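K.L.:
A single structure is presented below for examination.
The values are calculated or read from the model by the stated rules, or taken from the named source; none is laboratory data. All values derive from a computational prediction rather than experimental measurement. Neighbour counts are summed over all protein chains in view; Cβ atoms, including those assigned to glycine, are modelled from backbone coordinates with ideal geometry.
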Amino acid sequence: MVPPVDGATSAMGRFPLSIPHLSIPHLGLLLALAIVQVGSPAPLDGQIQTSNASYLIEFGEAIIPPGGTEALLPVYITTETELLAWQMGLEYDELIISVESIDFSGTESSELAPFAITTPAVPPLQGITVVYTGGNLLPAGNQLLAAFLRVVLVDPTAIPTGGHVQFPVTPVTNESTGLLLTDELGGTVVPGALGGGVTLFDFPLLALETTSGDAITSAVSMPILLWTDGPSTTLQMGLEYDELIVCDLLLNEGAIDEATGGNYEVESVIGTGASSFIITSLAGPLPAFNGEVIGWLEVQLPSPQVGSFLIGWSPQNSAIDGVLIDNLLGAAVTWDDHFLRGDASLGGIVDLADAMLILSGVFEGVPFNCPDAADANDDGFLDISDPILLLQYLFAGGSPPPAPFPTPGPDTTVDPLSCL
């Protein structure tokens, strides 16, 4: 997904310095962490040093689009234990970009009352320590989105005209801050570290936005975003993708449709594993675009299955007014193993037809596209009890099917049944 570039807010100042909900033991740990920051970053006594995938701090990727000045860089944490605190030094090119703050909105940390200490206290930041207050802990898990780093562009001249350039950002142990994970009891681990990066773009930029569907969705709409620095009349888009999927173009209610009042024409060539579209405005030149959704790529998966499919651009077939576009960002469309409990027909609702289909499957061997959805009572077996539960729910005020219900989602129980 194209990362957000506007509206990033600093985590500093969200919690009073007195930290009223921080317990005495946790306050002691906070002071110890502060001492570690200003002292030597060498490992503490008894600290378990590790670089395996069980404990890891890693950065994702972010972009600063044409005309933009900042981006949010994801910070992911992998841990086998719940964490009270974590910290890291930062390494990046301060002449080009600057880490200005840490933001927890929309992350695993957002509801855990995180308190951030930065080194130095003002940007550009070289180290960050995060402590969870109020008795909260970051849960164990793989690649938990723990925070965002707000990265600001310092030197716009570093971006090549019409092109792009990437600058790495890496979690490290440096002179001010060590690389450390701390559990509730004060035990510490030195995690592995994987860097990410920020890519800076000049005009123009054509991008797809990562999208996902589920077991009851055969087609999903993937947004197409465009940045230009002046008027144009014709946009050519060439796409390449897996032969298992089919792509078409939808422009209704997009930015091009709005700008032309619907007065445009589209030439389409849809093939196996590739498509091309030429959009021509019949209402005069199109205005400059600043990341607006100009339309949607309708992606269909004729044969339901779980998986991700990368959709990329064809550089030799993507142009504005005949000039090839150098900045092209593809994306993935993913079909998740998500379903609606009881929706054996994958029709998007649970009704009498589903109960009848389950009966046919149980007694006549009719196959299910999603056996897990047909397991209406979620006991791991397909038998007469499943249609009975549905009939009681639909007509006798019985209990509804277990999750995922009444909206699609993942199966929360372990059993031998699967979906796609």
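K.L.:
Looking only at the stretch 286-336, count every residue that is among the small types (Gly, Ala, Ser) and within 30 Å of Asn369 (Cβ to Cβ) and tell me the total. Give the derivation first.
P.N.:
Restricting attention to the stretch 286-336, the residues satisfying the condition of being among the small types (Gly, Ala, Ser) are 288, 291, 295, 303, 307-308, 312, 314, 318-319, 322, 330-332.
Next, from what is left, pick out any that are within 30 Å of Asn369 (Cβ to Cβ): 303, 307-308, 312, 330-332.
Number of matching residues: 7.
K.L.:
Follow-up. Let me confirm something: among Leu149, Leu137, which residue is modelled with pLDDT of 95 or more and surrounded by fewer than 17 Cβ atoms within 10 Å (Cβ to Cβ)?
P.N.:
Details: Leu149 fails: surrounded by fewer than 17 Cβ atoms within 10 Å (Cβ to Cβ).
When all the criteria are applied, what remains is Leu137.
Per-residue answers, yes or no, for (1) of a type in the set (Ser, Thr, Tyr); (2) surrounded by 15 or more Cβ atoms within 10 Å (Cβ to Cβ); (3) farther than 30 Å from Pro65 by Cβ; (4) under 28 Å from the mean Cα position of the chain (by Cα):
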| site | (1), (2), (3), (4) |
| --- | --- |
| Ala288 | no, yes, no, yes |
| Ile294 | no, yes, no, yes |
| Ile325 | no, yes, no, yes |
| Leu359 | no, yes, yes, no |
| Glu364 | no, no, yes, no |
| Pro367 | no, no, yes, no |
| Cys370 | no, yes, yes, yes |
| Ala374 | no, yes, yes, no |
| Asn377 | no, yes, yes, no |
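K.L.:
Further, regarding this structure: Conditions first: (1) touching a residue at least 12 places away in the same chain (Cβ under 8 Å); (2) within 27 Å of the chain's Cα centre (by Cα); (3) assigned to a loop (DSSP other than H, G, I, E, B). Thr272 passes all but one, so which condition is the exception?
P.N.:
Condition not satisfied by Thr272: (2).
Yes/no matrix, rows are residues, columns are (1) among the acidic types (Asp, Glu); (2) closer than 17 Å to Ala355 by Cα; (3) at pLDDT 95 or above:
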| residue | (1), (2), (3) |
| --- | --- |
| Asn377 | no, yes, yes |
| Ser385 | no, yes, yes |
| Leu389 | no, yes, yes |
| Pro400 | no, yes, yes |
| Pro406 | no, yes, no |
| Gly409 | no, no, no |
| Thr413 | no, no, no |
| Leu420 | no, no, no |
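K.L.:
Can Gly106 be described as more than 22 Å from Asp202 (Cα to Cα), in contact with a His (Cβ under 6 Å, 6 or more places away or on another chain), not polar (S, T, N, Q) and not in a strand (DSSP E or B)? Walk me through how you get there before you give the answer.
P.N.:
Details: more than 22 Å from Asp202 (Cα to Cα): yes; in contact with a His (Cβ under 6 Å, 6 or more places away or on another chain): no; not polar (S, T, N, Q): yes; not in a strand (DSSP E or B): yes.
Answer is no for this residue.
K.L.:
Do we have any residue at all in the stretch 294-308 that's in a strand (DSSP E or B), more than 28 Å from Ala215 (Cα to Cα) and touching a helix residue (DSSP H, G or I) at 6+ places or on another chain (Cβ under 7 Å)?
P.N.:
We begin by selecting, within the stretch 294-308, every residue in a strand (DSSP E or B); these are 294-300, 307-308.
Add one more test, that the residue is more than 28 Å from Ala215 (Cα to Cα), and what stays is none.
No, that holds for no residue.
Every residue, every condition in (1) assigned to a loop (DSSP other than H, G, I, E, B); (2) within 16 Å of Ile294 (Cα to Cα); (3) of a type outside the set (A, V, I, L, M); (4) not assigned by TED's automatic domain parsing to the domain that holds Ala288, yes or no:
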residue	(1), (2), (3), (4)
Asp229	yes, yes, yes, no
Gly238	no, yes, yes, no
Asp242	yes, no, yes, no
Val266	no, yes, no, no
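K.L.:
List the number of the failed condition for Gln305; all other conditions in (1) of a type outside the set (Phe, Trp, Tyr); (2) in contact (Cβ under 8 Å) with a residue 12 or more places away in the chain; (3) touching a strand residue (DSSP E or B) at 6+ places or on another chain (Cβ under 6 Å) hold.
P.N.:
(3)
K.L.:
Let me ask another. If you check Leu200, Leu149, which single one turns out to be in contact with a Leu (Cβ under 9 Å, 6 or more places away or on another chain), assigned to a strand (DSSP E or B) and under 30 Å from Gly135 (Cβ atoms)? Step through it out loud before you land on a result.
P.N.:
Details: Leu200 fails: under 30 Å from Gly135 (Cβ atoms).
It is Leu149.
K.L.:
While we're on this one: From the set of residues in the stretch 75-97 that are assigned to a strand (DSSP E or B) and either more than 23 Å from Glu175 (Cα to Cα) or free of Cβ contacts under 8 Å to residues at least 12 places away in the same chain (or both), which is nearest to the chain's Cα centre (by Cα)? Break it down into steps so the answer makes sense when it comes.
P.N.:
From the stretch 75-97, those assigned to a strand (DSSP E or B) are 75-79, 83, 85-91, 97; that's our starting set.
This time we only want the ones that are either more than 23 Å from Glu175 (Cα to Cα) or free of Cβ contacts under 8 Å to residues at least 12 places away in the same chain (or both), so: 78-79, 83.
Details: Thr78: 16, Thr79: 19, Leu83: 22 Å.
Among those residues, the one meeting the criterion is Thr78.
K.L.:
Still on this structure: Just checking, how many residues over the stretch 94-103 are touching an Asp or Glu at 6+ places or on another chain (Cβ under 9 Å) and either over 19 Å from Ile63 (Cβ atoms) or surrounded by fewer than 22 Cβ atoms within 10 Å (Cβ to Cβ) (or both)? Give the derivation first.
P.N.:
Here is the first cut: in the stretch 94-103, the residues touching an Asp or Glu at 6+ places or on another chain (Cβ under 9 Å) are 95-97, 100.
Next, from what is left, pick out any that are either over 19 Å from Ile63 (Cβ atoms) or surrounded by fewer than 22 Cβ atoms within 10 Å (Cβ to Cβ) (or both): 95-96, 100.
Selection size over the stretch 94-103: 3.
K.L.:
Could I ask something else about it? Does Gly134 satisfy the condition of being farther than 18 Å from Val190 by Cβ, assigned to a loop (DSSP other than H, G, I, E, B) and touching a His at 6+ places or on another chain (Cβ under 6 Å)?
P.N.:
Details: farther than 18 Å from Val190 by Cβ: yes; assigned to a loop (DSSP other than H, G, I, E, B): yes; touching a His at 6+ places or on another chain (Cβ under 6 Å): yes.
Answer is yes for this residue.
K.L.:
If the requirement is being free of Cβ contacts under 8 Å to residues at least 60 places away in the same chain, assigned by TED's automatic domain parsing to the domain that holds Gly178, farther than 14 Å from Val75 by Cβ and among the acidic types (Asp, Glu), which of these qualifies: Glu100, Glu111? I'd like the intermediate steps shown before the answer.
P.N.:
Details: Glu100 fails: free of Cβ contacts under 8 Å to residues at least 60 places away in the same chain.
Only one candidate qualifies: Glu111.
K.L.:
Name the single residue that is farthest from Pro168 (Cα to Cα) among those in the stretch 114-131 being in contact (Cβ under 8 Å) with a residue 12 or more places away in the chain and in a loop (DSSP other than H, G, I, E, B). Let's see the steps before the verdict.
P.N.:
Within the stretch 114-131, the first condition is being in contact (Cβ under 8 Å) with a residue 12 or more places away in the chain, and the residues that meet it are 114-120, 123-131.
Retained after the next criterion (residues that are in a loop (DSSP other than H, G, I, E, B)): 120, 123-126.
Working: Pro120: 20, Pro123: 18, Pro124: 15, Leu125: 15, Gln126: 14 Å.
Here the residue is Pro120.
K.L.:
Exactly one of these conditions fails for Arg341: (1) in contact (Cβ under 8 Å) with a residue 40 or more places away in the chain; (2) in contact with a helix residue (DSSP H, G or I) (Cβ under 8 Å, 6 or more places away or on another chain); (3) surrounded by fewer than 21 Cβ atoms within 10 Å (Cβ to Cβ). Give me its number.
P.N.:
Every condition holds for Arg341 apart from (3).
K.L.:
Next up: Where residues in the stretch 157-171 are touching a residue at least 40 places away in the same chain (Cβ under 8 Å) and out of contact with any strand residue (DSSP E or B) (no Cβ under 8 Å at 6 or more places or on another chain), which of them is surrounded by the fewest Cβ atoms within 10 Å (Cβ to Cβ)?
P.N.:
In the first step, residues of the stretch 157-171 are kept if they are touching a residue at least 40 places away in the same chain (Cβ under 8 Å); the result is 158-164, 167-171.
Now narrow it down to the ones that are out of contact with any strand residue (DSSP E or B) (no Cβ under 8 Å at 6 or more places or on another chain): 160-161.
Details: Pro160: 12, Thr161: 8.
So the residue we want is Thr161.
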